[in-house]
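Novice: Please read through the structure below; I'll follow up with questions.
The values are calculated or read from the model by the stated rules, or taken from the named source; none is laboratory data. Since we're looking at a predicted model, the values are computed, not measured. With ideal geometry, Cβ positions are generated from the backbone for all residues, glycine too; neighbour counts draw on all protein chains shown. For accessibility, only protein heavy atoms count, side chains too; no ligands or nucleic acids. Shrake-Rupley method; radii C 1.70, N 1.55, O 1.52, S 1.80 Å.
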Amino acid sequence: MGISDNHQQSAGKKSMALRAAWIVPNVFCYFLLIYIGVFVGKNAEGLEEINRLGIWLFMLIVMFMVSVFGTFRIVYWIKKGKL
């Protein structure tokens, strides 16, 4: 085990920690997306009565776009070797 082996191991650990730091919030975004979808699905009638269904659907679409974009960005960075 030389100095280069130690450097590769520390770089690998750093890389895994960095990946986790990006992947965990992305997974939480997907959970939030599912939660918002269930909330809107269960309360659509009530939200429509108070004219808020459009806002919640907009938030649902934006949350979906953020989650998918985050996933593509993370996959791209992993393929590029940045993560």
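Novice: Is there any pair linking a residue in segment 15-39 that is closer than 26 Å to L53 by Cα to one that is of a type in the set (S, T, Y) and surrounded by 13 or more Cβ atoms within 10 Å (Cβ to Cβ), with Cβ under 9 Å and at least six apart or on different chains, and which?
Specialist: Qualifying pairs under 9 Å: N26/S67; N26/T71; C29/S67; C29/T71; Y30/S67; Y30/T71; L32/S67; L33/S67.
Novice: Restricting the search to segment 55-83, which residues are closer than 18 Å to R19 by Cα, open to solvent by 70 Å² or more (accessible area, probe 1.4 Å) and modelled with pLDDT of 95 or more? Walk me through it before giving the result.
Specialist: Going through segment 55-83, the residues closer than 18 Å to R19 by Cα turn out to be 66-83.
Next, only the ones that are open to solvent by 70 Å² or more (accessible area, probe 1.4 Å) stay: 66, 69, 72-73, 76, 79-80, 82.
The answer is V66, F69, F72, R73, Y76.
Novice: A follow-up question, please. What residue, among those in segment 1-54 that are among the basic types (K, R) and modelled with pLDDT of 90 or more, is most open to solvent (accessible area, probe 1.4 Å)?
Specialist: In the first step, residues of segment 1-54 are kept if they are among the basic types (K, R); the result is 13-14, 19, 42, 52.
If we keep only those that are modelled with pLDDT of 90 or more as well, we get 19, 42, 52.
Details: R19: 69, K42: 163, R52: 118 Å².
Once the filter is applied, the top-ranked residue is K42.
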